[in-house]
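Just so you know, all these numbers are worked out from the coordinates, no wet-lab data involved. Since the structure is predicted, the reported quantities are computational estimates derived from the model, not experimental observations. Using ideal geometry, Cβ is built from the backbone for each residue, glycine included, and neighbour counts are taken over all protein chains shown.
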Amino acid sequence: MKIKEICCIGAGYVGGPTMSVIASKCPNINVTVVDLNQQRINNWNDEDVTRLPIYEPGLADIVEEARGRNLFFSTDVESAISKADMIFISVNTPTKTYGIGKGKAADLKYIELCARQIASVAKEDKIIVEKSTLPVRTAEALKSILDNTGNGVHFDILSNPEFLAEGTAVDDLLRPDRVLIGGEQTERGRAAQQALVDIYANWVPKNRILTTNVWSSELSKLTANAFLAQRVSSINALSELCEVTEADVSEVARAIGTDSRIGSKFLKASVGFGGSCFQKDILNLVYIAQSYGLNEVADYWEQVIIMNDHQKRRFAKNIVKTLFNTVAGKKIVLYGWAFKKDTNDTRESAAIYVADYLLSEQANVVVYDPKVTEKQMIEDLKYLGTQSDVEISEQLQVVDDPYTAAEGSHAIAIMTEWDEFISYDWNVIYKAMLKPAFLFDGRMLLDSEKLDEIGFQTYVIGKG
């Protein structure tokens, strides 16, 4: 099957960049990204590509090249569905906040809404591609809805999970470790798989395009994120042990990382992992295991989340303890709010939880982040629901200059590993602060010895 028209439902962190790269690499295929959020679509269509709703290095150039040629952003969902040969579903699948599975299971209401809309609009056979992160066996539910509520057309369901790291998403799309495509092991299913293989083969070496059955593909995404998060929580657990034994977690990580069986990636201790996937996917995995009665399996993976929550909480507690057991009325500066560098995504960022803890201790929290807006920070804190609007407005201040932020402050905490923090004139920052001047490096980013020489009282995750 030759694909000429692609529709992607969802213009978020996955749909937008993925479709932009496909359009760039496949100029003979028209790619339309649709979303009901008019403002988001307006931002994708903004002539000034610096105003795209998502910040990813290299993304603006790709969008600028393909947009208007064969890449389109629209709110006309029905038209895009009707024209498409292949439809990617890339909508949000948050953790349920209600009912059965609350706090763990994936909320699939948006997936179901997409399926029902596709079924009602489609008049010709279509290939449906799961791009959202979904629980294993979701394709079964999708096919049931499509086959039973449609117009007698045939739908082939593929699973094509994303393996993007925010901050390097464009590079991950251009040079992926692998592309995974799951499909039904029937003649039609394999033909649908091949249609998607042919699209990726325009720029991805064929030995990096893996085909599996649908269930293996769906489960592989959850498993990949669970394994990566588990490594982060493992090294973070050791970071606490290093602090009390006067070991250095960076030296431990280097020592074990040189073992070829272990490898060095995801062994950098930090204040904790964040982002849209790790916690959500592990909780989903926990729920699936529990639903099959695999309680020991569920307990194992849930401990990864418990450790991550503990790491954020103990970092915040250590700030309070170090500042003579009280931060009430004290100015505490957070450098960084995004969950990692080179993105404006704040979902599950450690900074949110540390700020929330400090606000509950009546600290005056001042934040600087080069890409995250004040509006987003306030929304993040309100979402937690532990601080009143008045408390947030009176105790939180967002500034656009890191040196201004430091003036008259008691402590600075590094929450995101932005490269620019390394190049700051820390002598100037030290002079602007109250003494003793405390610095808490939650990302092991700065040279602690140089900071100590300047006069800072420095605390680094995992260093005794």
Mind listing whichever residues of region 53-107 are under 21 Å from the mean Cα position of the chain (by Cα) and among the aromatic types (F, W, Y)? Y55, F88
Of the candidates L334, L358, the one satisfying the condition of being under 19 Å from M433 (Cα atoms) and part of a helix (DSSP H, G or I) is L358
Can you tell me which residue within region 73-91, out of those that are over 24 Å from A192 (Cα atoms) and not β-branched (V, I, T), is surrounded by the most Cβ atoms within 10 Å (Cβ to Cβ)? F73
Would you confirm whether any residue within region 138-150 is within 19 Å of G15 (Cα to Cα) and surrounded by fewer than 16 Cβ atoms within 10 Å (Cβ to Cβ)? no
Residue within region 138-159 that is more than 24 Å from I288 (Cα to Cα) and within 19 Å of the chain's Cα centre (by Cα) present: no
When both residues are 6+ apart or on different chains and their Cβ atoms are under 9 Å apart, which pairs have a first residue that lies in region 24-48 and is closer than 19 Å to L174 by Cβ, and a second that is among the basic types (K, R) and outside any strand (DSSP E or B)? P27/R69; N28/K4; I29/K4
Being assigned to a helix (DSSP H, G or I) and aromatic (F, W, Y) is the filter here, so list the residues in region 271-322 that pass it. F278, Y287, Y300, W301, F315
In region 44-66, what residues are buried (at least 18 other Cβ atoms within 10 Å of the Cβ) and in contact with a helix residue (DSSP H, G or I) (Cβ under 8 Å, 6 or more places away or on another chain)? W44, L52, P53, I54, E56, L59, A60, I62, V63, A66
Filtered residues of region 250-293 (kept if surrounded by 14 or more Cβ atoms within 10 Å (Cβ to Cβ) and aliphatic (A, V, I, L, M)): V252, A253, I256, L267, A269, V271, I282, L283, L285, V286, I288, A289
All positions within region 450-464 that are surrounded by fewer than 19 Cβ atoms within 10 Å (Cβ to Cβ), not in a strand (DSSP E or B) and not β-branched (V, I, T): K450, D452, E453, G455, G464
Report, by residue number, each residue of region 49-70 that is touching a residue at least 60 places away in the same chain (Cβ under 8 Å) and over 23 Å from C114 (Cβ atoms). Y55, E56, P57, G58, L59, I62
